[in-house]
Structures are given as C-alpha cells and as structure tokens.
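To start, the structure under review is shown below, and the notes come after it.
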Amino acid sequence: MSASAQEALEPHIRPVYSTPAARRLFVGEFAAIERVEPAPGSEKEPSVRVRIVALELPNESQEGYVREALRFLHLQRTARGTLDDDGQLELDEDTLRLTGGQLAYLETARLRAALGHWASYARRVLHTSNLTVSEVMHEMKTVADGLTAGLDGALGEGDD
C-alpha cells in the first residue's frame, strides 16, 4: 500500500478493529506490480499482484454520493433489455429496479441495452459467410437504423 493510501486509512483502523463486521466505503486505485503466468500444463491459474496506490474514504455526509456512484457504475455495467414485438426496447426488471426511476439512469440503461443488442447483431453478421455486397450493405443499413432508433429512444425494427 502506498504511503498516501495508508494515510487515508489511518483514522479508520481503530474503529474498524473495535467494531466486529465493520464496513467502510472507499474510492481507490490499484496498480499491477507483478504478473505470474504458470507454465503450460500446470494446474495453477495465472495471477497478478496489485498494490493500492490511491485510496480515499468518504466522511459520513459523503457516503451517499459514493453509494450513488457505485449504484450507477453497476447499472451501467449490467443494464439488460429485450425487444418487444414492435421492436421497442423493454428493460428487464433488475435493470429497472437499479434505475430507481431516475431519468439519467433509465437513459443510461436503455442506451447500454440498445448498444449491446446492435453489437451482438453486428457480430452475428460478421460470422455469416458468403454475404454478397448488397447483403452486407443491407445489414449495415439495418445496424445504422437500429443505432439511430436507439439514440431516438426506440430500438428500431431490426431482429432481436
């Protein structure tokens, strides 16, 4: 742990030690310092050692903001949805729950799900062999239309 990270932790060590099951939020950064790649045929897994190089702990009045940032980052990473029969994006229940009804979160989840759909569609097209130039152009138009619809608030009328 870097000296800066140690300094940020110092005021929390005694309270954490004194309280069983204590928890503290933090914002941090770690850096890779050593990589271990086992020999081929070895049963060991590759691993990496890290060192905490930056660490800050919010005070009580700041914790809500840090928890909100954690919730938002989790939502952005996990947002999922499906297309309905009309080609409209429907966010799944877990994603909707994470948004808490907040417009910015709903928009982030909707865009993440739409981009995920069209990226998957494009990968399927890439793995289709023997497409003619006109078929490729048609598929590119489908992806472009879908992305445009995603930006406009609907996923479009492409395949799901």
Inset, instruction - Using only Cα atoms, find the angle between the long axis of helix 133-152 and the longest principal axis of the chain, and express it within 0 to 90 degrees, rounded to the nearest 10. - result: 50 degrees
Inset, instruction - Please list the non-local residues whose amide H lies under 5 Å from the amide H of Gly81, H modeled 1.01 Å from N, same-chain partners needing a gap of 5 or more. - result: Asp92
Inset, instruction - Considering the convex hull of the alpha carbon atoms of the range 1-46, report its projected area averaged over all viewing directions, in nm², one decimal. - result: 5.3 nm²
Legend entry - Volume in Å³ per residue [convex hull over Cα atoms, computed for the range 71-151]: 96 Å³
Inset, instruction - Treating the angle as unsigned and between 0 and 90°, give the value, to the nearest 10°, between the Cα long axis of helix 3-18 and the longest Cα principal axis of the chain. - result: 70 degrees
Inset, instruction - Pop the C-beta distance of Ala39 and Arg77 into the FRET formula with R0 = 35 Å and round what comes out to the nearest 0.05. - result: 0.55
Inset, instruction - Determine the relative contact order of the chain: mean sequence separation of Cα pairs under 8 Å and six or more apart, normalised by residue count, in whole percent. - result: 18 percent
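What does the extension gain come out to for Val53 and Leu151, with contour length at 0.36 nm per residue minus their alpha carbon separation?
31.4 nm
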Legend entry - Radius ratio Rg over Rh of the chain, counting only Cα atoms, Kirkwood formula for Rh: 1.15
Inset, instruction - Can you find, among Gly81, Gly101, Gln6, the residue farthest towards the positive end of the dipole of the chain? Put +1 on the C-beta of Lys and Arg, -1 on that of Asp and Glu. - result: Gln6
Legend entry - Under Karplus coefficients 6.51, -1.76 and 1.60, residue-wise ³J(HN,Hα) of the range 77-84 in Hz, glycine/proline x: 6, 10, 4, 9, x, 9, 8, 8
Inset, instruction - Starting from the coordinates of the alpha-carbon atoms of the range 1-94, obtain the Kirkwood hydrodynamic radius over all distinct pairs and give the value in Å to one decimal. - result: 17.5 Å
Legend entry - Crossing angle, helix 103-126 versus the chain [Cα axis fit, 0-90 degrees, rounded to tens]: 60 degrees
Legend entry - Per-residue ³J(HN,Hα) for the range 29-40, Karplus 6.51 cos²θ - 1.76 cosθ + 1.60, θ = phi - 60°, Hz, x for Gly and Pro: 9, 10, 10, 6, 10, 7, 10, 10, 10, x, 5, x
Legend entry - Contour minus Cα-Cα distance for Val125 and Arg23 (0.36 nm per residue): 32.0 nm
Legend entry - the range 49-110 - percent relative contact order, Cα under 8 Å, separation 6 or more: 27 percent
Inset, instruction - Could you calculate the contour length gain from Glu7 to Asp92, that is, 0.36 nm times the residue separation minus the distance between their Cα atoms, to one decimal place in nm? - result: 26.3 nm
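Every read-out reported here was derived from the displayed coordinates using simple, explicitly stated rules and does not represent laboratory data. Model, not experiment: these values are computed from the prediction. Glycine also receives a Cβ, built like all others from the backbone with ideal geometry; neighbour counts cover every protein chain displayed.
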